[in-house]
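Down below is the structure, laid out as C-alpha cells.
The values are calculated or read from the model by the stated rules, or taken from the named source; none is laboratory data. Keep in mind the model is a prediction, meaning the values are calculated, not measured. Don't worry about glycine lacking a Cβ; one is built from the backbone with ideal geometry, like all the others, and counts go over all protein chains shown.
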2 protein chains.
Amino acid sequence: MADTGSAFSLAIDAMGGDAAPEIVLDGLELAAERHPQARFLLVGDEARVGGALARRKRAARVCSLRHAPEVVSGDLKPTAALRMRGSSMRIAIDAVAAGEASGIVSAGNTGALMALAKIVIKTMPEIDRPALAAIGPSARGDVVLLDLGANVQCDARNLVEFAIMGDAFARVALGLTTPSIGLLNVGSEELKGDDRVRAAAEILRDSHVGTQFRGFIEGHDITAGTVDVVVTDGFTGNVALKTGEGALKLMRDLLRQVFTSSVPARLGYLLARPALDRLREWMDPRRYNGAILLGLNGVVVKSHGGTDALGFAHAVDVAMDMVTHGYNDRIKDGFDRLAGRNRLAPSPN
Amino acid sequence: MADTGSAFSLAIDAMGGDAAPEIVLDGLELAAERHPQARFLLVGDEARVGGALARRKRAARVCSLRHAPEVVSGDLKPTAALRMRGSSMRIAIDAVAAGEASGIVSAGNTGALMALAKIVIKTMPEIDRPALAAIGPSARGDVVLLDLGANVQCDARNLVEFAIMGDAFARVALGLTTPSIGLLNVGSEELKGDDRVRAAAEILRDSHVGTQFRGFIEGHDITAGTVDVVVTDGFTGNVALKTGEGALKLMRDLLRQVFTSSVPARLGYLLARPALDRLREWMDPRRYNGAILLGLNGVVVKSHGGTDALGFAHAVDVAMDMVTHGYNDRIKDGFDRLAGRNRLAPSPN
C-alpha cells in the first residue's frame, strides 16, 4: 500500500445496503484477502456489527470498529440525512474529512451519500462540480462513463472537468497510460449537437489531453468500446447507463425463455453452458459494482444497495485502486496542466 | 384504403439508400402485396428505374413513375439539398406539399430529408417543432420513443407536444386505444430532474392525456415496456436509442462467439436454433425500420439507408398505417383537446 498519510485506507459504512451488515462483512472478508495491508475503519452499530465481525477472522484482522448509533434508511431525504450526526454513513464520512481515512465505501442511500460527501468532505478547490462515474463492459474492454446523474444540467466547463477526472480515473482504475476520451453527442460530425458540447470539444482539443481526445461519439460507441472514457452530462449519462442496462436485461430474460422453451433448447443450453457461463461471468453486474463520486477531497465509492459480498468486495477494490494509486493527486496534476495550457493558449470563447 | 383525398397514398424516393433503386423496388414489390389498393408515386431517374420497375409485376401495377434528374447523395449538406430542385427526394416531397400524395418514404440522407420536409411540407400550425419517432422492442410489446434527434434542445412545451404526437402515433402504428405515456428522467420521484421535465409533467397531468400519463420513467423502463410512449428531448432520445441498440449488438456479437467457441457449444446452438431464430426474428431491426418525422402537413418516414427489401417494406407499412388511419387528423384533435383543456384549467406556471 502506498503511504497515503491516513491511519485507515478506507472507512466502511457497515450499515448501508439491503442486507447490511452481513453482506458488508462478507465483502470485507474477501477484501481482506485481496488487500492484506489495508486497514479499514468499520462504522456501525457495535452490538450488531461486533459479533458478526468477530466471526470473520480475516476481516477482523484488518478492521477497527467504531460505534454509530443511527442508520440512514434507504428512503431518508438527503436534507434529513444531513441533520443526522450519529449515522454510520456520517461518522464514516467525518473520518475521511478529518484525514483519518483516505476514502469511504457505502452501499447506503445514494442521495444521502452524495449530499453528505459533498458537504462534509467537500469538492476539490480546482473543480466546479463533482461527477458520478462507473465502469461498464464493451466489445473492446472496460469503459468509464461519467457523469451518471450528479449534475443534471452541465455547461462546457463541467464537461471539460469530467473529461479530466475521467482520464485520471481510467488511469488508476483501468490501468491505462493514455486513455482515449470521447464526448457523447447526437452525431460524430463537428457541427452536430448543442453549443455546450461543441464548446467543450474545442477546449479539450486544445488541452493537454488533446491527443487522447477522439471528438464526438454516439450512443452505440459506448458498448463498441470506441473510447476508454465517455463524457456526458448527468441527465444523458444516467439515461444512457440505465437504457444500456435495460437492453442487456431484456436480452438475458429473452435468452432464459429461449433455453427453457423446449427439450432440445434445454439440452442445447447444457451443451453451450460452459461458454455461456464465461459470458455471464464476464458481464456480471457485480464486476461493475461501484459508482464513484469523483472530485472530492477523498475517495467516495457507492456500492449498489442490493449487491452481494462479491459485489461489495469489488466496490472496495475500486476504492483501494484509487487510494493506492493516488487518484486525487492525479486529478490535481490534470487540472494544473489544464490551467497551465489555458494560460498559454488563447481562450476558446 | 381510407379516402385521403390524394391521388397517391405515398410518394416514394426511388433513389435514396445504399442499394437504390433495386432495394426500394424489391420493397415495393412486397408492399404492393400488403397494400393492394395503395397507389405509389415513384420518383427517380427514368432510365434507371423504368426497366427495373417493369421487371417487378406487382410493384409496376401500383406505381406511377415520375422522372427526377438528380439524386441527393448521402453526404450532401442539408443546405445544398435545399438548393437542388430536381432531386428525387425533392420532387417526391413537392408531391406531398402539393397534395398529390399523403406522405413520403425515403431511405436517403436523413438531414436532407428532415430539412426539405420541414421547409417544403411545413410544420402543422398547431405545433412548434416536429419530432423524430421510432418503434422499438420491449419485454411487454412495442414501444414508441421520441424525439430521436430532430430537436437537441427542447423546452417543456416541446416535450408536451411530443407526448401528444406520440400518443396519436401509438394509436395508429401500435393499434392501442389508450397508450400509456412516460417522461424520461433520471429518477421516478417527482422532485427529480430539471425544471423542463418537471414543468412538462405538470402540464401533462392536467391535460386530456392525464389519465394515460404515468409520470417519470428511467432508462431501463424503455426496454421493460413500462409505458407505450417514451417522451424525451432529441439529445437524450438519440443517445438512448443508440445506446440501447449498441448494448443489444454487443450481446448478439458475444453470443455468436459463445456458440462458435467449442464443438459442444456449436451443437448446443443447433439444438436451440429454432427458439433462437424466433428470438432473432422478434428482435429483427428490419421489423423496427423507419424513423417517422411527426408534426408536418403530411406523413414523412425515413427508412434506414442500409436496410433490405423487407426493411423498406416495413417503413412503407408504417407510413401506410399513418395515412390510412388519418394520423394528422388525430394529432389535430389532440392539440384541439389540449388547447380546450388548457383554457379551462389554471395555467401550471
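Numbers at a glance
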item: Residue ID - farthest from the chain's Cα centre (by Cα), chosen from residues in region B:254-292 that are at the interface with chain A (Cβ under 7 Å from one of its Cβ atoms) and under 27 Å from B:Ala313 (Cβ atoms); result: B:Ala275
item: Every residue from region A:1-53 that is in contact with a strand residue (DSSP E or B) (Cβ under 7 Å, 6 or more places away or on another chain) and among the hydroxyl-bearing types (Ser, Thr, Tyr); result: A:Ser6, A:Ser9
item: Looking only at region A:267-320, and only at residues there that are within 19 Å of A:Met251 (Cα to Cα) and of a type in the set (Phe, Trp, Tyr), the one that is surrounded by the fewest Cβ atoms within 10 Å (Cβ to Cβ); result: A:Trp282
item: Residue list for region A:298-309, filter: within 16 Å of the chain's Cα centre (by Cα) and at pLDDT 95 or above; result: A:Gly298, A:Val299, A:Val300, A:Val301, A:Lys302, A:Ser303
item: Only listed residue being hydrophobic (A, V, I, L, M, F, W, C) and buried (at least 24 other Cβ atoms within 10 Å of the Cβ), chosen from A:Leu82, A:Leu42; result: A:Leu42
item: Residue within region A:229-246 that is in contact (Cβ under 8 Å) with a residue 60 or more places away in the chain, within 14 Å of another protein chain (Cβ to nearest Cβ) and hydroxyl-bearing (Ser, Thr, Tyr) present; result: yes
item: Test: residue in region B:210-219 that is farther than 23 Å from B:Arg129 by Cα, in contact with an Asp or Glu (Cβ under 9 Å, 6 or more places away or on another chain) and within 7 Å of chain A (Cβ to nearest Cβ); result: yes
item: Scope region A:247-292; condition over 26 Å from A:Thr307 (Cβ atoms) and hydroxyl-bearing (Ser, Thr, Tyr); matching residues; result: A:Thr260, A:Ser261, A:Ser262, A:Tyr269
item: Hits in region B:140-167 - residues which are aliphatic (A, V, I, L, M) and at pLDDT 95 or above; result: B:Val143, B:Val144, B:Leu145, B:Leu146, B:Ala156, B:Leu159, B:Val160, B:Ala163, B:Ile164, B:Met165
item: Filtered residue count, region B:85-113, keeping only those that are basic (Lys, Arg) and not in a loop (DSSP other than H, G, I, E, B); result: 1
item: Selection within region A:157-209 - in a loop (DSSP other than H, G, I, E, B) and within 14 Å of chain B (Cβ to nearest Cβ); result: A:Asn185, A:Val186, A:Gly187, A:Ser188, A:Glu189, A:Glu190, A:Leu191, A:Lys192, A:Gly193, A:Asp194
item: Matching entry among A:Asp221, A:Asp233 (being farther than 25 Å from A:Ala339 by Cα and in contact with a helix residue (DSSP H, G or I) (Cβ under 9 Å, 6 or more places away or on another chain)); result: A:Asp221
item: Residue list for region B:288-332, filter: closer than 18 Å to B:Lys122 by Cβ and free of Cβ contacts under 8 Å to residues at least 40 places away in the same chain; result: B:Asp329
